[in-house]
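Report on the structure given below.
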2 protein chains.
Amino acid sequence: MADKPSIPRGTRDFGTVQMSKRYYIFDTIKQTFRKFGFQPIETPAMENLSVLLGKYGEEGDKLLFRVLNSGDFLKDSKTEDYEKGSKHLVSKIAEKGLRYDLTVPFARYVVMNRHELTFPFKRYQMQPVWRGDNPQKGRYREFYQCDADVVGTDSLICEAEIVAMIQEVFQNLGIKEYGIKINNRKILAAMSEVVEAHGKEAELCVAIDKLDKIGQEKVNEELKERGFSEDSIQKIQPILKINGSNEAQLAQLRAIFVNSEIGQKGVQELEDVLSYVNFMDLDSSKVEFDVSLARGLSYYTGAIFEVKVKNVQIGSVSGGGRYDNLTGVFGMEGVSGVGFSFGVDRLYDVLEELKLFPTQSADSTQVLICCFDTEGIDFGLQIAQGLRKAGIRTEIYPEATKIKKQLDYANKKQIPFAAVIGSNEIKEQKMMLKNLNTSEQKLMSLQEVIELVLNK
Amino acid sequence: MADKPSIPRGTRDFGTVQMSKRYYIFDTIKQTFRKFGFQPIETPAMENLSVLLGKYGEEGDKLLFRVLNSGDFLKDSKTEDYEKGSKHLVSKIAEKGLRYDLTVPFARYVVMNRHELTFPFKRYQMQPVWRGDNPQKGRYREFYQCDADVVGTDSLICEAEIVAMIQEVFQNLGIKEYGIKINNRKILAAMSEVVEAHGKEAELCVAIDKLDKIGQEKVNEELKERGFSEDSIQKIQPILKINGSNEAQLAQLRAIFVNSEIGQKGVQELEDVLSYVNFMDLDSSKVEFDVSLARGLSYYTGAIFEVKVKNVQIGSVSGGGRYDNLTGVFGMEGVSGVGFSFGVDRLYDVLEELKLFPTQSADSTQVLICCFDTEGIDFGLQIAQGLRKAGIRTEIYPEATKIKKQLDYANKKQIPFAAVIGSNEIKEQKMMLKNLNTSEQKLMSLQEVIELVLNK
């Protein structure tokens with residue numbers, strides 16, 4: 001007996017219902033990207049390990065899936081290489097790995113095609129990535145990323161347009177309650193200047209991030225535990241107290257950072273972005289300056305974003321920021337860019353939880369032709385083609401089996417109409433159209449059915 | 001200095017222009033699949049090697065890309081395993097491989113989800129596959145397949161609908177000169193019965209396939225070289241001589257196969273398919289019965305198809321057939337199905353060669369906003385959002401640099417309109433709209449521009 005087949009741990013099949021929902025998300029995002037002048041590229045699933053290694057930290061290197069060289073993969077190794085263990089042998093037997101994100105392949109693409117590209121270069125990319133993480137709820141070994149980036153300009157218009165794109169995507173998906181948190185890496189740098197704790201921005205942020213929940217005193221306790229001096233903690237108190245509108249908070253920071261050049265610059269950049277957002281007729285109440293927002297990735301140098309949907313379990317569904325030297329690692333210096341990414345799997349869960357997926361899928365069958373007997377099939381085929389020519393998604397049940405079985409098929413596939421063909425229908429050259437939601441039925445001509453279905 | 005980055009041999013990046021053409025092909029195919037009631041599924045890039053091995057013959061097994069187990073991949077092996085060589089060691093260090101086609105993962109999917117699926121189950125799937133072939137012109141190590149299959153019915157309506165789908169896709173792509181070759185594995189079986197050369201169908205076909213080019217005598221010589229007996233060659237002569245319309249050829253075969261049950265069945269099946277095609281109001285002149293069509297894959301048991309575009313270098317762009325036991329290898333017997341596949345890379349080359357790609361891409365930017373100075377940008381952002389709200393794909397050049405540089409950008413990206421904003425335009429709350437094809441320009445309001453661009 002054959003073995004029961006299975007799929008690798010942490011990977012998923014997507015069935016027709018899931019795919020139709022996933023396409024709905026992809027198409028909504030794509031449409032917005034295009035409306036803002038972003039165009040797609042695709043890069044190969046496999047990259048040379050020389051491109052991938054060292055870009056994601058030590059932990060990332062461990063999580064890369066490596067692909068064995070083709071043919072006799074041991075031919076460039078010796079027994080002693082084997083005996084030195086996996087870490088040593090791997091470089092002799094695997095030159096390629098699966099991409100870990102879309103950012104590094106994009107940087108590689110820009111460097112390799114620098115002479116053909118038109119800058120500022122705006123691209124979007126929607127492809128799966130692979131990480132050997134331990135699978136758990138909501139964390140997979142294969143998942144899609146949807147990235148949009150502009151490189152070759154440091155204009156803050158790009159930041160404002162990212163806010164606009166996020167708002168358009170959320171509006172089109174029907175998500176009403178969400179916040180776009182925004183901060184600037186330069187403000188984080190200024191904060192550590194002020195408290196004289198350079199390089200400890202991340203720890204500072206983790207503690208400050210809890211301000212809303214645990215209050216100022218507990219934050220101070222945590223800072224102490226994390227090794228910040230009394231003096232540092234005193235100096236940070238004014239930053240913890242900033243309040244009011246985005247503009248008000250930024251004005252307070254400007255005063256606090258009076259002696260910090262980088263602090264002034266960070267505040268100025270944020271003010272410019274918020275001013276652009278105002279001119280773009282966007283919902284600026286959705287944009288929330290958050291001095292504690294840090295984002296993990298170390299390559300950010302300017303604005304940073306994070307989008308959270310409210311009233312759902314899932315947190316962040318999108319994020320990004322500005323980087324000044326993404327391509328430097330491949331020898332192309334000084335290319336500033338800004339990008340962001342939608343998490344499709346998380347958006348999927350959000351739309352499910354909020355019941356925001358359209359009930360009628362845009363790609364499912366609209367009419368099922370059901371024939372009583374083989375005589376009906378020839379006429380049924382004609383009708384099917386007539387409906388399709390009118391743009392109606394149509395199936396003909398391929399066997400002249402019991403009508404009940406055919407209607408069951410329609411119901412299971414949520415097909416709204418069945419066109420039943422028996423001997424009377426053939427004689428009249430019409431069909432009995434059943435509305436499967438209301439059970440109403442009526443003898444109709446092809447033209448009448450086309451009009452009914454298209455105007456439904 | 002950083003190394004120059006590169007991509008793995010046989011893989012490709014797709015830039016924005018290529019992607020827009022590729023999406024055009026994907027979307028055209030998808031639309032047709034949906035119109036016939038096929039719905040998408042996706043399976044993971046990595047499959048367990050237990051699923052893949054042994055399904056593609058010995059050669060296929062060699063061409064599978066294998067993924068190293070995560071973590072210490074050597075932990076289940078010993079030095080003696082290493083010393084036995086690659087072929088032995090591989091099973092201890094790699095459990096997963098990249099999918100080689102979409103058919104085996106589909107069969108696995110059907111078996112794993114048999115209790116949830118509604119049969120007949122119609123799915124399409126468009127995803128990349130990976131093969132460690134030696135790269136050469138037109139042959140890549142990563143390429144897309146676009147498959148549609150129906151499983152769970154042996155109705156020949158499905159075969160006729162495949163002909164209809166191919167015709168619709170080709171019509172929508174503007175390909176006019178092509179032939180859908182059709183044959184039936186049962187006819188090939190009957191042929192080898194007649195010539196008493198069981199199991200040599202493939203060799204028979206390779207020789208017969210050349211009939212058009214080299215003539216009957218040379219075909220006979222080749223058959224001799226391939227070891228067919230004089231007697232066999234004599235017996236095959238009537239088959240080589242069949243001629244006339246599809247119907248006429250089938251009638252002649254029916255007579256030749258008078259004593260072959262399987263031959264009669266094959267002819268009957270083809271006659272039924274052709275009869276359905278007639279009822280579907282299709283161009284039946286495009287459907288060419290070809291007794292020499294064999295198709296390599298051994299799992300076909302009924303109809304087989306191959307589509308060739310005429311007047312181009314590239315041969316077959318689509319093919320498929322019926323199989324009676326695709327899922328048997330995973331323990332689910334007796335599931336008949338029929339499917340076919342479009343070769344996207346080949347279709348791409350055909351459309352390039354025949355110059356059939358639309359000149360204006362459906363996703364490129366329609367208007368570029370160009371600002372003389374930073375004062376213009378605030379007004380420019382308002383206009384950009386106004387155009388986008390009307391559904392117009394709009395970019396604002398992110399820097400107030402020289403207008404010439406901005407127009408160069410528009411020309412390189414083939415953006416048809418530029419909306420230039422200087423101090424006069426701000427005062428008038430209008431924009432100077434330049435048609436970049438004709439160089440005409442006119443001062444226009446937002447509403448006027450929307451109307452002009454939408455009605456272009």
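Looking at segment A:334-359, which of its residues are out of contact with any Lys or Arg (no Cβ under 6 Å at 6 or more places or on another chain) and of a type in the set (Phe, Trp, Tyr)? Let's see the steps before the verdict.
Start the filter on segment A:334-359 by keeping residues that are out of contact with any Lys or Arg (no Cβ under 6 Å at 6 or more places or on another chain), which leaves A:334-337, A:339-356, A:358-359.
Hits for segment A:334-359 are A:Phe340, A:Phe342, A:Tyr348.
Tell me which residues, restricted to segment A:132-154, are more than 9 Å from chain B (Cβ to nearest Cβ) and outside any loop (DSSP other than H, G, I, E, B).
Result: A:Gln136, A:Arg139, A:Phe143, A:Tyr144, A:Gln145, A:Cys146, A:Asp147, A:Ala148, A:Asp149, A:Val151.
Filter segment B:20-35 down to the residues that are more than 7 Å from chain A (Cβ to nearest Cβ), basic (Lys, Arg) and either under 30 Å from A:Leu381 (Cα atoms) or surrounded by 23 or more Cβ atoms within 10 Å (Cβ to Cβ) (or both) and list them by number.
Once the filter is applied, which keeps residues that are more than 7 Å from chain A (Cβ to nearest Cβ), basic (Lys, Arg) and either under 30 Å from A:Leu381 (Cα atoms) or surrounded by 23 or more Cβ atoms within 10 Å (Cβ to Cβ) (or both), segment B:20-35 yields only B:Lys30.
Among the candidates A:Ser70, A:Ser77, A:Ser86, single out the residue that is among the hydroxyl-bearing types (Ser, Thr, Tyr), open to solvent by 20 Å² or more (accessible area, probe 1.4 Å) and more than 20 Å from A:Val344 (Cβ to Cβ).
Working: A:Ser77 fails: open to solvent by 20 Å² or more (accessible area, probe 1.4 Å); A:Ser86 fails: open to solvent by 20 Å² or more (accessible area, probe 1.4 Å).
None of the other options fit; the residue is A:Ser70.
Among the residues of segment B:316-336, how many are of a type outside the set (A, V, I, L, M) and either within 11 Å of another protein chain (Cβ to nearest Cβ) or over 22 Å from the mean Cα position of the chain (by Cα) (or both)?
Taking segment B:316-336 and keeping what is of a type outside the set (A, V, I, L, M), we get B:316, B:318-325, B:327-328, B:330-331, B:333-334, B:336.
Filter once more, keeping what is either within 11 Å of another protein chain (Cβ to nearest Cβ) or over 22 Å from the mean Cα position of the chain (by Cα) (or both): B:324-325, B:327-328, B:330-331, B:333-334, B:336.
Residues in segment B:316-336 being of a type outside the set (A, V, I, L, M) and either within 11 Å of another protein chain (Cβ to nearest Cβ) or over 22 Å from the mean Cα position of the chain (by Cα) (or both): 9 in total.
What residue, of B:Phe65, B:Phe38, is touching a residue at least 40 places away in the same chain (Cβ under 8 Å), buried (at least 24 other Cβ atoms within 10 Å of the Cβ), of a type outside the set (D, E, K, R) and more than 28 Å from A:Arg131 (Cβ to Cβ)?
Numbers: B:Phe65 fails: more than 28 Å from A:Arg131 (Cβ to Cβ).
Step by step, each of B:Phe65, B:Phe38 is checked, and only B:Phe38 is touching a residue at least 40 places away in the same chain (Cβ under 8 Å), buried (at least 24 other Cβ atoms within 10 Å of the Cβ), of a type outside the set (D, E, K, R) and more than 28 Å from A:Arg131 (Cβ to Cβ).
Tell me, yes or no, whether segment B:378-385 has at least one residue that is at the interface with another protein chain (Cβ under 8 Å from one of its Cβ atoms), part of a helix (DSSP H, G or I), crowded, with 21+ Cβ neighbours inside 10 Å and not hydroxyl-bearing (Ser, Thr, Tyr).
yes
With A:Val17, A:Val51 as the choices, which residue is modelled with pLDDT under 95 and at the interface with chain B (Cβ under 9 Å from one of its Cβ atoms)?
Answer to the check: A:Val17.
Only one residue in A:Tyr144, A:Tyr124, A:Tyr100 is of a type in the set (Ser, Thr, Tyr), within 16 Å of the chain's Cα centre (by Cα) and open to solvent by less than 10 Å² (accessible area, probe 1.4 Å), so which one is that? Quick ask: steps written out before the conclusion?
On the way: A:Tyr144 fails: open to solvent by less than 10 Å² (accessible area, probe 1.4 Å); A:Tyr100 fails: open to solvent by less than 10 Å² (accessible area, probe 1.4 Å).
Result: A:Tyr124 is the single residue among A:Tyr144, A:Tyr124, A:Tyr100 that is of a type in the set (Ser, Thr, Tyr), within 16 Å of the chain's Cα centre (by Cα) and open to solvent by less than 10 Å² (accessible area, probe 1.4 Å).
When you go through (1) within 37 Å of the chain's Cα centre (by Cα); (2) open to solvent by 40 Å² or more (accessible area, probe 1.4 Å); (3) modelled with pLDDT of 95 or more; (4) not hydroxyl-bearing (Ser, Thr, Tyr) one by one for A:Met432, which number turns out not to apply?
(1)
Go through segment B:86-131 and count every residue that is among the polar types (S, T, N, Q), within 20 Å of B:Gln145 (Cβ to Cβ) and more than 10 Å from chain A (Cβ to nearest Cβ). Quick ask: steps written out before the conclusion?
To start, the set of residues in segment B:86-131 that are among the polar types (S, T, N, Q) comprises B:86, B:91, B:103, B:113, B:118, B:125, B:127.
Add one more test, that the residue is within 20 Å of B:Gln145 (Cβ to Cβ), and what stays is B:103, B:125, B:127.
Those still in the list that are more than 10 Å from chain A (Cβ to nearest Cβ) too: B:103.
Result for segment B:86-131: 1.
Any idea how many residues of segment B:353-377 are at the interface with chain A (Cβ under 8 Å from one of its Cβ atoms) and in a loop (DSSP other than H, G, I, E, B)?
Residues flagged as at the interface with chain A (Cβ under 8 Å from one of its Cβ atoms) and in a loop (DSSP other than H, G, I, E, B) within segment B:353-377 amount to 3.
I'd like the full set of residues that are facing another protein chain (nearest Cβ under 8 Å) and part of a helix (DSSP H, G or I), limited to segment A:387-398.
The answer is A:Arg388, and nothing else.
In segment A:1-60, how many residues are closer than 22 Å to B:Phe143 by Cβ and in contact with a Cys (Cβ under 8 Å, 6 or more places away or on another chain)?
1
Residue-by-condition table, conditions (1) without any contact (Cβ under 8 Å) to a residue 12 or more places away in the chain; (2) of a type in the set (Ser, Thr, Tyr); (3) assigned to a helix (DSSP H, G or I):
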| residue | (1), (2), (3) |
| --- | --- |
| B:Ala419 | no, no, no |
| B:Glu425 | no, no, yes |
| B:Met432 | no, no, no |
| B:Thr438 | yes, yes, no |
| B:Leu443 | no, no, no |
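Only one of (1) open to solvent by 40 Å² or more (accessible area, probe 1.4 Å); (2) facing chain A (nearest Cβ under 9 Å); (3) within 30 Å of A:Leu407 (Cα to Cα) is not met by B:Thr43, so which one is it?
(1)
Counting only residues that are within 8 Å of chain A (Cβ to nearest Cβ) and farther than 21 Å from B:Lys427 by Cα, which one in segment B:399-414 is most open to solvent (accessible area, probe 1.4 Å)?
First pass over segment B:399-414, keeping only residues within 8 Å of chain A (Cβ to nearest Cβ): B:399, B:409, B:412-413.
When the remaining residues are screened for being farther than 21 Å from B:Lys427 by Cα, the result is B:409, B:412-413.
Working: B:Tyr409: 10, B:Lys412: 145, B:Lys413: 36 Å².
Per the criteria, the residue is B:Lys412.
If you go through segment A:155-177 one residue at a time, how many are within 14 Å of another protein chain (Cβ to nearest Cβ), surrounded by fewer than 19 Cβ atoms within 10 Å (Cβ to Cβ) and either touching a helix residue (DSSP H, G or I) at 6+ places or on another chain (Cβ under 6 Å) or in a loop (DSSP other than H, G, I, E, B) (or both)?
Counting residues in segment A:155-177 that are within 14 Å of another protein chain (Cβ to nearest Cβ), surrounded by fewer than 19 Cβ atoms within 10 Å (Cβ to Cβ) and either touching a helix residue (DSSP H, G or I) at 6+ places or on another chain (Cβ under 6 Å) or in a loop (DSSP other than H, G, I, E, B) (or both) gives 1.
Using the structure shown, decide if B:Lys235 is part of a helix (DSSP H, G or I) and over 26 Å from A:Tyr397 (Cα atoms). First the steps, then the outcome.
Numbers: part of a helix (DSSP H, G or I): yes; over 26 Å from A:Tyr397 (Cα atoms): yes.
When the stated conditions are applied, B:Lys235 passes them.
Answer yes or no as to whether B:Arg114 is in contact (Cβ under 8 Å) with a residue 40 or more places away in the chain, farther than 24 Å from B:Gly319 by Cβ and either more than 25 Å from the chain's Cα centre (by Cα) or not in a loop (DSSP other than H, G, I, E, B) (or both). Don't jump to the end; show me each part of the working.
On the way: in contact (Cβ under 8 Å) with a residue 40 or more places away in the chain: yes; farther than 24 Å from B:Gly319 by Cβ: yes; either more than 25 Å from the chain's Cα centre (by Cα) or not in a loop (DSSP other than H, G, I, E, B) (or both): yes.
So B:Arg114 passes the test.
Quick grid of which residues meet (1) farther than 23 Å from B:Val104 by Cβ; (2) in a helix (DSSP H, G or I); (3) touching a residue at least 60 places away in the same chain (Cβ under 8 Å):
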position	(1), (2), (3)
B:Ser285	yes, yes, no
B:Glu288	yes, no, yes
B:Ala303	no, no, yes
B:Val307	no, no, yes
B:Asn325	no, no, no
B:Tyr348	yes, yes, yes
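Say we look at segment B:251-269 and pick out the residues that are within 29 Å of B:Glu222 (Cβ to Cβ) and polar (S, T, N, Q); which of these is least open to solvent (accessible area, probe 1.4 Å)?
B:Ser260
Please give the number of the condition A:Thr359 fails out of (1) among the β-branched types (Val, Ile, Thr); (2) buried (at least 19 other Cβ atoms within 10 Å of the Cβ); (3) at pLDDT below 95.
Tallying (1) among the β-branched types (Val, Ile, Thr); (2) buried (at least 19 other Cβ atoms within 10 Å of the Cβ); (3) at pLDDT below 95, A:Thr359 fails exactly one: (2).
Just one of A:Asp272, A:Asp283, A:Asp349, A:Asp290 is farther than 30 Å from A:Lys404 by Cβ and open to solvent by less than 30 Å² (accessible area, probe 1.4 Å); which is it?
A:Asp290
Restricting to segment B:210-250, give me the number of residues that are surrounded by 11 or more Cβ atoms within 10 Å (Cβ to Cβ) and under 16 Å from B:Glu288 (Cβ atoms).
Within segment B:210-250, residues that are surrounded by 11 or more Cβ atoms within 10 Å (Cβ to Cβ) and under 16 Å from B:Glu288 (Cβ atoms) number 8.
The values are calculated or read from the model by the stated rules, or taken from the named source; none is laboratory data. Quantities reported herein were computed from a predicted structural model and do not represent experimental measurements. Reconstructed Cβ throughout: ideal geometry from the backbone, glycine too, with neighbour counts over all protein chains shown. Just so you know, the surface numbers come from the protein's heavy atoms only, side chains and all, with ligands and any DNA or RNA stripped out. Shrake-Rupley method; radii C 1.70, N 1.55, O 1.52, S 1.80 Å.
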